[in-house]
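Notes follow the structure.
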Amino acid sequence: MEIEFKRLEKDHLDQIVTLEGLCFSTPWTRKMFEEELQNDRAFYIVAIMEGLLIGYGGMWMVLDEGQITNVAVHPAYRRQKIASKILERLLAKAKENAIEAVTLEVRKSNLLAILFYQRFGFYKEGERKQYYSKPNEDAWILWKKTFLT
Ligand SMILES: CC(C)(COP(=O)(O)OP(=O)(O)OC[C@H]1O[C@@H](n2cnc3c(N)ncnc32)[C@H](O)[C@@H]1OP(=O)(O)O)[C@@H](O)C(=O)NCCC(=O)NCCS
């Protein structure tokens, strides 16, 4: 089945909000995604298969630093490298914009996401205590400071 990767648009908002609810315990709201569409520093990629939005990822770019906001794939479509293809596109955009380092926060119990990011050269450099709710949990701060994966 062919998967298209494209920039997030207004028409995707209903589906991205639904996907968000499936993937996170404190999902972003429609308003938050609407704000991202207005944010010149935000870059969002969605994965679409036969009209169905099955994954997305986003990043903010400020000066020479990138911050991954979220990467999520519909539970029925995981482990098929969809998140990898999304992250590759975010990192390519970062490179194009002369970003030197990319960071993100992840729940410290989210081992599979940590493994996923490690494959792309992210490593732990710090923690934020009690950063998350539902359940309360610390965040690990991951960084990628080289684009030589
Ligand atoms: C994390 C997430 C985005 C991965 O999406 P995905 O499309 O399944 O990931 P990929 O198929 O590209 O996986 C790439 C690699 O990541 C690691 N990985 C991903 N899922 C894994 C799992 N369930 N168990 C172990 N390793 C895993 C593996 O190294 C995998 O490579 P492999 O399949 O060759 O072993 C997805 O599980 C998800 O949406 N989780 C909920 C939201 C979330 O936690 N997002 C991350 C925090 S922002």
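The values are calculated or read from the model by the stated rules, or taken from the named source; none is laboratory data. Predicted model only: the values in this text are computed from it and were never measured. Virtual Cβ from ideal backbone geometry, glycine too; neighbours counted across all protein chains shown. When the accessible area is computed, the model is the full protein with side chains, heavy atoms only, and any ligands, DNA or RNA have been set aside. Shrake-Rupley method; radii C 1.70, N 1.55, O 1.52, S 1.80 Å.
Things to note:
- The stretch 25-41 - phi-based ³J(HN,Hα) in whole Hz, Karplus 6.51/-1.76/1.60, Gly and Pro as x: 7, 10, x, 5, 8, 4, 4, 5, 5, 4, 5, 5, 5, 8, 8, 4, 8
- Eigen-decomposition of the gyration tensor built on the alpha-carbon atoms of the stretch 52-149 gives equivalent ellipsoid semi-axes of 20, 19, 12 angstrom, largest listed first.
- Helical content of the chain, expressed as a calculated mean residue ellipticity at 222 nm, amounts to -9000 deg cm²/dmol (DSSP H runs of 4 or more residues, -39,500 (n - 2.57) each, divided by residue number, nearest 500).
- Of the residues 26, 75, 3, the one whose Cα sits farthest towards the positive end of the charge dipole of the chain is 75 (charges of +1 on Lys and Arg Cβ, -1 on Asp and Glu Cβ, taken about the Cα centre).
- Applying the criteria of a DSSP loop state and at most 16 other Cβ atoms within 10 Å to the trypsin sites (Lys or Arg not before Pro) of the stretch 54-123 yields 78, 79, 81, 108.
- Summing +1 for each Lys or Arg and -1 for each Asp or Glu among the other residues whose beta-carbon sits under 14 angstrom from that of residue 89 gives +3.
- In the chain, lysine pairs with alpha-carbon atoms under 13 angstrom apart (chain gap of 8 or more, or interchain): 10
- The stretch 38-60 versus the stretch 68-135: alpha-carbon centroid distance in Å: 14
- Positive-end ranking of 114, 37, 101 along the dipole of the stretch 23-130, with charges on Cβ about the Cα centre, is headed by 114.
- Surface composition of the stretch 1-102: carbon and sulfur atoms hold 47% of the protein heavy-atom accessible area at a 1.4 Å probe.
- Neighbourhood net charge (15 Å Cβ-Cβ; Lys/Arg +1, Asp/Glu -1) for residue 79: +4
- Using a probe of 1.4 angstrom and keeping all protein chains present, the accessible surface of the stretch 1-92 works out to 56 square angstrom per residue.
- Under Karplus coefficients 6.51, -1.76 and 1.60, residue-wise ³J(HN,Hα) of the stretch 73-90 in Hz, glycine/proline x: 10, 3, x, 6, 10, 7, 6, 10, 6, 5, 4, 4, 5, 5, 5, 4, 5, 5
- Assigned charges on the beta-carbon of Lys, Arg, Asp, Glu; the stretch 26-149 dipole about Cα centre (debye): 480
- Here the Kirkwood formula, the inverse mean of 1/r across different C-alpha pairs, assigns the stretch 37-78 a hydrodynamic radius of 11.3 Å.
- Cα pair distances in the stretch 1-111, grouped into 10 Å bins until the bin that holds the longest one, percent each: 14, 48, 34, 4
- With distances taken between every two different alpha-carbon atoms, the stretch 86-127 has a Kirkwood hydrodynamic radius of 11.3 Å.
- Available extension along the chain between residue 147 and residue 123 is 7.3 nm, counting 0.36 nm per residue and deducting the alpha carbon span.
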